[in-house]
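Structure first, commentary second.
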Amino acid sequence: MEADIPSLFLLLVITGLCLCNGYISEETLQTAQVFLEKYGYLEETTKQHSGKQLASAVREFQWLSHLSVSGELDTSTVQQMIQPRCGVKDIESLKLVKSHHHGRQRKKRYISKSKKWYKQHLTYQIVNWPWYLSQHQVRQAVKAAFQLWSNVSSLTFSEALRDPADIRLAFFDGDHNDGAGNAFDGPGGALAHAFFPRRGEAHFDSAEHWSLNGKGRNLFVVLAHEIGHTLGLPHSSFKNALMSPYYKKLNKDYVLNFDDVLAIQNLYGAPPSGNLVQLPGKQFAFFQDWSPESHEDSGMKPSYCHSIFDAITWDLKKTLYIFKGRHFWMVSLGGKISPPQSLQKRWKKLPSYIEAAVVSGLDGKFYFFKGGRCWRYKDSILEEGFPQKCSMNGLPRRPDTALYFQPLGHLVIFKGSKYYVVNEESLTVEPYYPRSLHDWKGVPANSHSVLTHPDGAIYFFKGHQYWIFDQKKLKVTTSGKWAEDLSWIGCKNDVT
Ligand SMILES: *[C@@H]1O[C@H](CO)[C@@H](O)[C@H](O)[C@H]1NC(C)=O
Ligand SMILES: [Zn+2]
Ligand SMILES: [Zn+2]
């Protein structure tokens, strides 16, 4: 590899790509090439691009990004490339246009006529959402994001509670089966991407810390942008347009800029009333202030059924507790499900959500874990000395799950590919732990929840799956989909 640098260096000098400080690291050059290929400025190829191609791609990128057009890979250009943005290509049909123009002409953006919907009413579905956001707020945000577009065009939208929907919104981690180029890249970088009509898919990177209330990555803006793509809009070169490729903060301006409005009306026409309704962006910064959460819509399953819950445990009276976000549900042995209850009302001083929860089989006390801290309650009374910094005692920070393990009479905490046996009284890790998850044959790493069933079997949960660990055989004996297979979780018996 190293031998390539001098020759490439020479090539760049000859072809006029500036090495402004006399040197571009191989890494920077690689990053730039990957970026320019990913976003459509350079053809994707396994070969090295010539310095000339590279300089022309850089110029194109600078022009669209409102940087000074030099063709040089200077600091501000490289800086712009690492800004959080949308994963959709800036230049969608480079190849198509290129085959018509061989010269140095600017490639025009080109949307083929078929990239729109041929109906005015579209349905959408929220396939899943981050476990730390409330379902109610996510639904409000999605509804508002669609309204942005319906309030300035002839389109109308409604949520489909069942398949099939025209447009599906889903959160994914890393590679999620739509091509290596679309694999998500962890926090920052590409935040989301979507497909043009009539594929009807928008995908969001689970690795971002999404938020609908100030801190973190604002989900509403990104929803609104990706929905724009699902309706057929490409990226805009207007800096203030919602459809510009870079992540933006909400402010006093309208969320949609005139370029966005023209683009959507170009495809679908103006609203029948002729009136546009627009609101300033900051109206959408705090969804917690929107209409209060009503009880779950009748006829709908509890919201934990639609995606994974944070924690699950049985108390000594055999009531099942399921925790998700700011709420918990109780399911009786007979299958009766409570409405969602407020976590912080029942257990005062808990944070707004928890990462793991377990009831001690010894004395029925509730343990909660989040970050490096832990809480212990007798019924609803927080015990003295809590919350504690349990991570100071060697417990893992941000544990995956916690279990009361009858044979040892101890708590067990799972984190990644390790488990910790914890002394309940002192909340310290027992000698010789943590140990490898190999001891739990067949149990997946990073499970989301775990519990011991009153019949003695241990259930692990991760995503839509569950695994039963047989305490006698010391291995996993069964697995399946929890919402469908386990009637005691309360997700089976409605919506016909
Ligand atoms: C869309 O218009 C309706 C009716 O005027 C209004 O209540 C709503 O707040 C608007 N939504 C957005 C996102 O602008
Ligand atoms: Zn985009
Ligand atoms: Zn995707």
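The strands (runs of 3 or more DSSP E) found wholly in the range 161-225 and carrying at least 3 residues that are assigned by TED's automatic domain parsing to the domain that holds VAL255 and in contact with an Asp or Glu (Cβ under 6 Å, 6 or more places away or on another chain) occupy 190-194.
Looking only at residues that are in a helix (DSSP H, G or I) and over 11 Å from PHE287 (Cα atoms) in the range 143-155, which one is farthest from the chain's Cα centre (by Cα)? Among those residues, the one meeting the criterion is SER150.
Of the residues HIS193, HIS209, the single one that is within 16 Å of ligand 2 (Cβ to nearest atom) and out of contact with any Phe, Trp or Tyr (no Cβ under 7 Å at 6 or more places or on another chain) is HIS193. Looking at the range 34-43, which of the residues that are under 27 Å from the mean Cα position of the chain (by Cα) and of a type in the set (D, E, K, R) is surrounded by the fewest Cβ atoms within 10 Å (Cβ to Cβ)? Across the range 34-43, the extreme among qualifying residues is GLU37. Against the numbered list (1) touching a residue at least 12 places away in the same chain (Cβ under 8 Å); (2) closer than 25 Å to TRP131 by Cα; (3) among the hydrophobic types (A, V, I, L, M, F, W, C), VAL429 comes up short only at (2).
Residues that are in a loop (DSSP other than H, G, I, E, B) and not aliphatic (A, V, I, L, M) were ranked within the range 128-142; the one that is farthest from the chain's Cα centre (by Cα) is SER134. Being under 23 Å from SER273 (Cα atoms), in contact with a helix residue (DSSP H, G or I) (Cβ under 8 Å, 6 or more places away or on another chain) and either within 16 Å of ligand 1 (Cβ to nearest atom) or not assigned by TED's automatic domain parsing to the domain that holds GLY216 (or both) is a description that does not apply to VAL138.
Could you list all residues from the range 157-200 that are within 16 Å of ligand 1 (Cβ to nearest atom) and surrounded by 15 or more Cβ atoms within 10 Å (Cβ to Cβ)? Within the range 157-200, PHE157 is the sole residue that qualifies.
Being within 16 Å of ligand 1 (Cβ to nearest atom) and either at pLDDT below 95 or more than 26 Å from ARG139 (Cβ to Cβ) (or both) narrows it down to one of ALA270, ALA207, so name that one.
ALA270
Would it be correct to say that SER206 is among the hydroxyl-bearing types (Ser, Thr, Tyr), over 21 Å from GLY269 (Cβ atoms) and within 15 Å of ligand 3 (Cβ to nearest atom)? Yes; evaluated as a whole, the condition is true for this residue.
The values are calculated or read from the model by the stated rules, or taken from the named source; none is laboratory data. Keep in mind that this is a model prediction, so the values were computed, not measured. As a convention, Cβ positions derive from the backbone with ideal geometry for all residues, glycine included, and neighbour counts pool all protein chains shown.
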